[in-house]
C-alpha cells in the first residue's frame, strides 16, 4: 500500500514501504548542489523521486522556471509511482519527467552532453560484500546488482555538458575509488563534505560534487553533523528540511 509523506516544501511523495522509503541521504544530496536558472538535471536511480521533487521545489522557490528535471529509474512499478507523485502534485510532465530505464543504457536514452547537473544516490554496497536484501526493490537500492559506481560515473561523463556537475553521496570507505573513477572519466572533484552521525563519531557518508573538464582543486567543506549531544537533529539538519521537526518515516538510508 502506498504511503503519502509530506516533503515540507509544498509537495508530497508517494512511497511503498514494502519496497523502500527514501532516507536522509537523499535529502542531503538534493540540497548539496546549487540549482541554476536553466539547469537540465538528471537524477540517476530516482526511486520514488524524492530528489527530483526537492530540486523542483528549490527551483520554484527561486523563480527558476527554466529548470527541467528528469528521473531515471530501472524498476517499472517504482517509476510509475514516481510519475503519479509528479501528476498528483500538479507538476507538469515538462518540469519533471520520469523515464524507465537502465543507467547502463543511459547514453542511448539521452543525447550526449544534454545535462548541466546529474545527481545520484547510488547503491552503497558491492555484490562481493555478500549482503543482498530479500526484497528485490530494496536489494536494487542498496546493492550494486544492476549498476556499479563506475557505471554511474562513466555514463554521467557522457551525458554531462562541459563544466556540467555530478553530485553523489556515498560511503567514506569508497571515497578513494570514487575520486579515482571521477578523474579517470574527466570529472574533477571540486567540493566534498563528510557527514557525521554525531560530533564524536566517524563519518558515515560523504557528499562529492565534480565538474566535467575542470582543473584540480578540491574544497573540503565543514563537517555536516546530524545529531547533537542530546541526540536531537542539529540546527543545520532542521534548516535543510525547512521545518522545526523532521517527518516520520525518514531514516539514514533507504529502508
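Return the percentage of antiparallel bridges among DSSP beta bridges fully within the range 1-98, rounded to the nearest 5 %.
40
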message: As a test, work out the antiparallel percent of DSSP beta bridges whose residues both lie in the range 3-241, rounded to the nearest 5.
response: 45
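For 8, 53, 149, which order do you get if you count the other beta carbons within 10 Å of each Cβ and list the fewest first?
8, 149, 53
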message: For a quick check: sort 216, 192 by the number of other beta carbons within 10 angstrom, fewest at the front.
response: 216, 192
Shape category assigned to the chain from the gyration tensor of Cα positions, a/c cut at 1.5: rounded
- prompt: If you take the beta carbon distance between residue 105 and residue 229 as r and set R0 to 35 Å, what does 1/(1 + (r/R0)^6) give as a FRET efficiency, to the nearest 0.05?
  reply: 0.15
query: In nanometres, what is the gap between the two model label sites at residue 84 and residue 161, each 7 Å from Cα along Cα-to-Cβ?
result: 3.5
- prompt: Using a Gaussian network model of the chain with C-alpha springs under 10 Å, which one of 39, 65, 102 is most mobile by mean-square fluctuation?
  reply: 65
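Would you order 80, 16, 151 from fewest to most other beta-carbon atoms within 10 Å of each residue's own beta-carbon?
Working: 80 12, 16 15, 151 18.
Final ranking by Cβ density, sparse to dense: 80, 16, 151.
Sum -39500 (n - 2.57) across every DSSP H segment of at least 4 residues in the chain, then divide by the residue count to get the 222 nm mean residue ellipticity, nearest 500. Each step should come with its number before you reach the end.
On the way: 8 runs with 71 residues, N = 255.
Taken over the chain, the calculation gives -8000 deg cm²/dmol.
Each value in this text was obtained by applying a stated rule to the coordinates, not by laboratory testing. As the structure is a computational prediction, the values presented were derived from the model and not from experiment. Here the Cβ is made from the backbone with ideal geometry for all residues, glycine too, and neighbour counts use every protein chain on show.
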